[in-house]
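Accompanying notes for the structure given below.
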Amino acid sequence: MPFSLLKYGLGAKRKQVLPPTPPLKDSYDIVVIGGGGHGLATAYYLAKRYGAQNVAVLEKGWLASGNTARNTTIIRSNYLTSGAIQFFKKSVELYQGLSNDLGYNIMFSPRGHLTLAHSDAAMRTSRWRAEQNKLNGVRSEVIGRKEVAELCPQLNMSEDIRYPVLGALYHADGATARHDAVAWGYAKRASEMGVEIHTQTEVVGMDLNGNKVDKIHTNRGTIKVGKVVQCVAGASLKVAEMAGIKLPIRALPLQACVSEPVKPLLDPIIVSGSLAVYISQSARGEFVMGGEIDPYPGATSRSSTEIKEEMMGPMLELFPFLANMKLLRQWGGIADVTDDYSPIMGLSPVDDYFLSAGWGTLGFKAIPAGGYAMADAVATGKTPDLIKTFSLERFSDMSLVGERAAAAVGH
Ligand code: FAD
Ligand code: PYC
């Protein structure tokens, strides 16, 4: 019997993973707004790599109550532009060692990722992405029908359906992880290094002194702040506005659902860009499925029958066995989407105010590299090379990072 099992069995007291929310102090050197993956990872790397002290994370709900625990946990680096590929490559590498680094099991599960192609145009895009990926040291290749069928025997490979599968972009490093464990792991280690984590603490306003945020008002009182890092995904527009910053972002709902659990039978992650659906099987045995972002802006995370029907049509064509299964849950999150489907990271027009926003439909996989790079930016006051491509200025100097085709599912 393993030693730890014996220890717990004999009644050793378990330490709480996270300490309770402490009283709010009058001032902090660094305040991170948002207790999702990005905020917590930023706080963790600030403490770990820079020994930052007097740091507080302010979260209006509970940890990971935003998109971090609503997402479908796809991790990959098969993007299109070199800057983005390099960034996501770093994130996948950090994910591969994250359970060890945090001393917390995030259930990282490497399983390969297939983007199906149902048309000649989609095959061409796949080749383009594969070449770009290889040039940047990422494992991606175009495969034909035979290899697709071998990697995913459950897929309907009939030529007699509306959109037969012609081939796929295969990305061997595609993976999943337990989303809320990622947040808890970062939070646990950050708090062990002295970061204060304040849940149920909503930022409701800011005072500027010249071009710098001087005070932050919360529902638990006002604090004086040195540097501020904004990591609030669906609330990016609203919070940036408190600091007087206007962001080129739209807030759009994104929905997903899970089936009842069954034995493990679907190994890779399957995405169809053209049909705007994707599916993977979770460690619990549920099929995790999603589709395109809602076509209209929204501020609630309610799910809808229309989107469910849109998802299920193509899904049943690709995986007819799903017709015998029940859906357990459907939900939504608010994605903060930029016009080029890339994030906005780093310095902002306001002194000592740093932005991690515009993660849209793609930010879960980015949490480790996002936190790592934001910690660099905050500690040094300079934009690190890893995220130069994602600066806010790209919208004014016409250097957009077009990732629409590779961003998520149906673009
Ligand atoms: P969040 O996790 O949303 O954290 C922000 C936090 O800020 C929230 O907890 C919120 O409560 C808090 N907050 C907001 N306003 C305030 C305030 N005023 N004061 C204090 N706190 C505040 N990405 C992938 O890479 N792979 C996927 O498969 C994937 N699938 C997705 C599926 C769905 C259905 C959705 C909705 C998203 C998906 N994403 C995916 C995107 C991904 O979930 C997000 O990009 C990512 O979680 C963003 O992390 P975050 O830490 O920036 O934001
Ligand atoms: O980023 O791979 C992704 C993704 C799939 C669904 C939502 N996001």
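The values are calculated or read from the model by the stated rules, or taken from the named source; none is laboratory data. Only a predicted model underlies this, so the values are computations on that prediction, with no experimental measurement involved. So basically every Cβ, Gly included, is an ideal-geometry build from the backbone, and we count neighbours across all protein chains shown. Only protein heavy atoms, including side chains, enter the accessible area calculation; ligands, DNA and RNA are left aside. Shrake-Rupley method; radii C 1.70, N 1.55, O 1.52, S 1.80 Å.
For region 39-180, what percent of Cα pairs sit more than 21 Å apart? Of all Cα-Cα pairs in region 39-180, 56 percent lie more than 21 Å apart. How large is the Kirkwood hydrodynamic radius of region 28-94, counting all unique pairs of alpha carbons, in Å? One over the average 1/r among Cα pairs gives 13.6 Å for region 28-94.
For the chain, modelled as a GNM whose springs connect Cα atoms under 10 angstrom apart, the maximal fluctuation among Leu208, Leu24, Leu355 occurs at Leu208.
Rg and Dmax of the chain, both derived from C-alpha coordinates alone, stand at 21.4, 68 Å. If R0 is taken as 22 Å, the Cβ-Cβ distance between Thr305 and Lys263 corresponds to a FRET efficiency of 0.15. Using only alpha-carbon positions in region 107-180, the gyration tensor eigenvalues give semi-axes of 22, 18, 10 Å once each is multiplied by 5 and square-rooted (largest first).
Taking the alpha carbon gyration tensor of region 175-275, multiplying each eigenvalue by 5 and rooting it gives semi-axes of 36, 21, 12 Å, largest first.
With 32 Å as the limit on Cα-Cα distance, the pairs of Lys188/Lys215; Lys238/Lys263; Lys89/Lys227; Lys188/Lys238 that go past it are Lys238/Lys263. What region 256-337 shows is 45 Å² of accessible area per residue, with the surface traced by a 1.4 Å probe over protein heavy atoms.
Taking every C-alpha pair closer than 8 Å and separated by at least 6 residues, the mean separation divided by the residue count of region 336-399 gives a relative contact order of 36 percent. Computing the accessible area with a 1.4 Å probe over protein heavy atoms, can you report the carbon and sulfur percentage for the chain? The value for the chain is 53 percent carbon and sulfur by accessible area. For region 313-381, taking Cα atoms only, Rg and Dmax work out to 18.5, 57 Å respectively. Counting only protein chain heavy atoms and rolling a 1.4 Å probe, the accessible areas of Lys146, Lys246 rank, largest first, as Lys246, Lys146. Each pair of Cα atoms in region 264-411 enters the Kirkwood radius, and Stokes-Einstein at 10 °C and 1.306 mPa s then converts it into a translational diffusion coefficient of 91 µm²/s. The packing ranking, built from the mean of other Cβ atoms within 10 Å per residue, places the peptides 171-182, 374-385 in the order 171-182, 374-385, highest first. For Ala335, the amide hydrogen comes within under 5 Å of the amide hydrogens of Leu252, Leu254, counting only partners 5 or more places away or on other chains and with H modelled in the peptide plane. Packing, taken as the mean count of other beta carbons within 10 Å per residue, orders the peptides 318-327, 271-280, 126-135 from highest to lowest as 271-280, 126-135, 318-327.
If you average the alpha carbon positions of region 346-386 and of region 126-176, how far apart do those two centres end up, in angstrom? About 32 Å separates the Cα centre of region 346-386 from the one of region 126-176. Here the 3J(HN,Hα) profile of region 57-67, calculated from phi with Karplus coefficients 6.51, -1.76 and 1.60 at θ = phi - 60°, is 9, 10, 10, 6, x, 10, 4, 6, 6, x, 6 Hz, Gly and Pro shown as x. Fully extending the segment from Arg284 to Asn105, taken as 0.36 nm per residue of separation minus the present Cα-Cα distance, adds 62.9 nm.
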